[in-house]
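What follows is a short report on a single structure.
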Amino acid sequence: MKLFLSKPIVSVLILSAVSCGGGGSSSQASSNEDRNNAPEIGVIEDATVTPFDYAILSGSATDGDGDILSYNWEADPSNPSEVNIDNASGAVTGFFIAPDYIPGDYRFKLSVSDGKEISEKDVVITVKKFIETTAADGGLSGSVLFGSDVALSKNAETYAIGAENSNSSKGAVIAGRKNSSGIYETLTLCPSDALSGNKIGTMVAVSGDGKTILASSIACNSYFGKRLSISQDGGTLLIGTAYKNSNAGSVFTF
């Protein structure tokens, strides 16, 4: 009888072991299927802007489960100035840099949700100080029409600003060049033989290397120098004369 009864017992033990093992595998598979993948936010580049610019806030994200994503941009309340984001719920949006914005770092947070989890990433927009140069910086005063024309070298090392109505309409050019500290040093230029009404500085140009400045007077009827262009090394000049030859115009090359 012992031999007869041992078979069912062995069978039961074996079936029981199989049953336990099978139940564990099913539970683990179900757990993996229910697991949610949080949204993954891509790279967001920091940026530097100046007043009157439009700062772009651009973000993108993916979701491994294919869920629909929602976006939300939030400005840090401790930013130097209050920021009004145009569309805070857009993946790509932005805001206008008003001239009265305080310079500094403006921090923003992008939150992306798939309805189950939220991912976040920060970005910094740096607002640089808006620098205004006036006639007084060139030692001029009165209605000198400072800024009648402006030019900047390709390397941003040299600039030229026309002030055609200065010095009894003789005109002048304010030239600036960066020193070793990165600060522009200015010099006011006006030919000693200039006559009243010459209006020098009506048009200005600067060579690409910043070593040559060209200025014109368009007081004569032919408007010699109404347009100026200068090569990178300052070796070639183009001067437009729009009203020469009965308004047919011409261009001089030097």
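A few comments on the model shown:
- For Leu57, the amide hydrogen comes within under 5 Å of the amide hydrogens of Thr93, Gly94, Phe95, counting only partners 5 or more places away or on other chains and with H modelled in the peptide plane.
- Potential lengthening of the chain between Ser192 and Lys128 amounts to 19.1 nm, from the contour at 0.36 nm per residue minus the alpha-carbon distance.
- For segment 135-253: rounded, prolate or oblate by the Cα gyration tensor [a/c cutoff 1.5]: oblate
- Residue exposure proxy: Val123, Val43, Val150, ordered by other Cβ atoms within 10 angstrom of their Cβ from fewest to most, comes out as Val43, Val150, Val123.
- Net charge of Cβ neighbours under 13 Å - reference Gly197; Lys, Arg +1; Asp, Glu -1: +1
- Hz values of 3J(HN,Hα) by residue in segment 158-174 - Karplus curve (6.51, -1.76, 1.60), Gly and Pro given as x: 9, 10, 9, 10, x, 9, 5, 9, 7, 6, 6, 6, 5, x, 6, 10, 9
- The slack between Asn179 and Val150, meaning 0.36 nm per residue of separation minus the straight C-alpha distance, is 8.5 nm.
- Kirkwood-Stokes translational diffusion coefficient of segment 40-127, alpha-carbon pairs, 37 °C, 0.692 mPa s, µm²/s: 244
- Over 25 Å (Cα to Cα) - which of Lys129/Lys154; Lys128/Lys178; Lys129/Lys178; Lys154/Lys178; Lys109/Lys129; Lys129/Lys170 fall in this group: Lys129/Lys170
- Positive contributions from Lys and Arg (+1) and negative ones from Asp and Glu (-1), summed over other residues with Cβ under 12 Å from the Cβ of Ile68, come out at -3.
- Among residues other than Ala47 with Cβ under 12 Å from its Cβ, the summed charge is -3 (Lys and Arg +1, Asp and Glu -1).
- Taking Leu57, Leu214 and counting other C-beta atoms within 10 Å, the order from fewest to most: Leu214, Leu57
- Arranged from fewest to most other beta-carbon atoms within 10 Å of their beta carbon, Thr134, Thr50 become Thr134, Thr50.
Values quoted throughout were computed directly from the atomic coordinates according to the rules given, and no laboratory measurement underlies them. From a predicted model like this one, the values you see are computed outputs, not experimental measurements. Please note: Cβ atoms are built from the backbone with ideal geometry, for glycine as well, and neighbour counts cover all protein chains shown.
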